[in-house]
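The block underneath contains the structure these notes are about, expressed in C-alpha cells.
The values are calculated or read from the model by the stated rules, or taken from the named source; none is laboratory data. Keep in mind that what you see is a predicted model, and the values were worked out from it rather than measured. Backbone-built Cβ (ideal geometry, glycine too); neighbour counts: all protein chains shown.
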Amino acid sequence: MAMHPVLLSLLFALLAVRPVPSTSAQAVGHQREAAILANRFTAPEACTRPSAAANSFAHYLRNLPLRPAGTPVLLYNGSPKGRQDVHAAVVDISTGTKDLQQCADAVMRLRAEYLYASGQQDKIGFHLTNGFHVPWQRWRKGERVKVSGNTCTWTSGAAADGSHTQLLRYLEFVFTYAGTLSLHKELLPAGDRPLQAGDVFIQGGSPGHAVLVLDVVHHKDGSTRFLLGQSYMPAQDFHVLRRPGASDAWYTFKAGSELRTPEWTFAWSDRRVWPE
C-alpha cells in the first residue's frame, strides 16, 4: 500500500534532521594516544620501559606525534624519498620548504622544540660551524647575526619576538651555518654512561651523519634495546628507523662490533650526549 504523500514528506524531513553519528570524544582521545611513539612502538617481549620524568627529554621523545602508519617519507619539496624501506614511522613535525633540515639539523630541531615546550628557552643555543655561538635568548630579543665570510657579528634592530614561528626562523638560520661538524663539538663523549633517550650517534664531516636515540627499554637478560630517528640528505621528514634485515625498529645496544643503520654505519664510540 502506497504511503500518503503528506506522511512521506514528514518521514523525509525527520530523516534529514537526524544527527550524523560522530566519533566520540573518547574514541578521538584513543586515536591521538595511539599516534605517539611510545604507543606505536611498545616494548618488545621481556623488556621493560624505564620511567622518565615529565619534564625530561626522554619523556618528550616518547610522546612525539606520529603520522598514520604507512605514511611515506617526503623530501622538503614534497616529492617522495627514493628509499621507502628504511623507516618504520614518520614523526609529525614540519620539514620546511628548503633543503636545510637534514640529519644534524633535525636533531637540533627536536632538542630546541623540547626546551621550548618545557619552559627552558634560555638553554636553547647552538654553535655554527665557525664556532660562533647563537643563543635563542639574544635572537628572541631582536638581535640578529650578520655573516661576512667566516666572521659573524651581532646586530640589533628587529622586534622582540619569542613566538614559535620566530623560533623556526632562528633554527632556519642555525641550519644554514651549522651541521654535523658543529654539533659533534657541541656534544660530549658518552663514555661509559648508560644509553639514554636523547643521546646522539654522530660522525662530523662533509658529509657526516647523526641519528637520535628516541627511546630505550631494558631486556630481562640485561641487554638494552633502543629506537633511532633521523632525517637525511636532502632534507626530509624525520622518521623512526627500521633495523636492517628485520621487521621491527628495536636495535640492541652494542650488539656486534658497530651500529649499522639502513643508510649509515657508526662506531659505538660515536655516541655523544648533551651537556647539562
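For the stretch 209-244, give me the residue count where each residue is closer than 29 Å to residue 76 by Cβ and small (Gly, Ala, Ser).
Residues meeting the conditions: 4.
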Might you check whether a residue that is small (Gly, Ala, Ser), over 24 Å from residue 50 (Cβ atoms), out of contact with any Phe, Trp or Tyr (no Cβ under 9 Å at 6 or more places or on another chain) and assigned to a loop (DSSP other than H, G, I, E, B) occurs anywhere in the stretch 174-194?
yes
Working only within the stretch 243-265, note down all residues that are within 17 Å of residue 209 (Cβ to Cβ), of a type in the set (S, T, N, Q) and surrounded by fewer than 17 Cβ atoms within 10 Å (Cβ to Cβ).
265
Residues located in the stretch 167-186, provided they are surrounded by fewer than 17 Cβ atoms within 10 Å (Cβ to Cβ) and within 16 Å of residue 273 (Cβ to Cβ):
185
Residue pairs meeting the criteria (Cβ under 6 Å; at least 6 apart or on separate chains; first farther than 16 Å from residue 166 by Cα, in the stretch 107-130; second surrounded by fewer than 17 Cβ atoms within 10 Å (Cβ to Cβ))
118/55; 127/133; 130/150
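I'd like to check which strands (runs of 3 or more DSSP E) are fully inside the stretch 66-159 and have at least 1 residues that are of a type in the set (Val, Ile, Thr), at pLDDT 95 or above and under 29 Å from residue 243 (Cβ atoms).
Qualifying strands (runs of 3 or more DSSP E): 87-90.
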Report, ordered by the first and then the second residue, all pairs with beta carbons closer than 6 Å, sequence separation of six or more or different chains, a first member in the stretch 145-162 that is within 16 Å of residue 176 (Cα to Cα), and a second member that is aliphatic (A, V, I, L, M) and surrounded by fewer than 14 Cβ atoms within 10 Å (Cβ to Cβ).
none
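Tally the residues that are in a loop (DSSP other than H, G, I, E, B), in contact with a strand residue (DSSP E or B) (Cβ under 6 Å, 6 or more places away or on another chain) and not hydrophobic (A, V, I, L, M, F, W, C), restricting the search to the stretch 231-261.
Of the residues in the stretch 231-261, 7 are in a loop (DSSP other than H, G, I, E, B), in contact with a strand residue (DSSP E or B) (Cβ under 6 Å, 6 or more places away or on another chain) and not hydrophobic (A, V, I, L, M, F, W, C).
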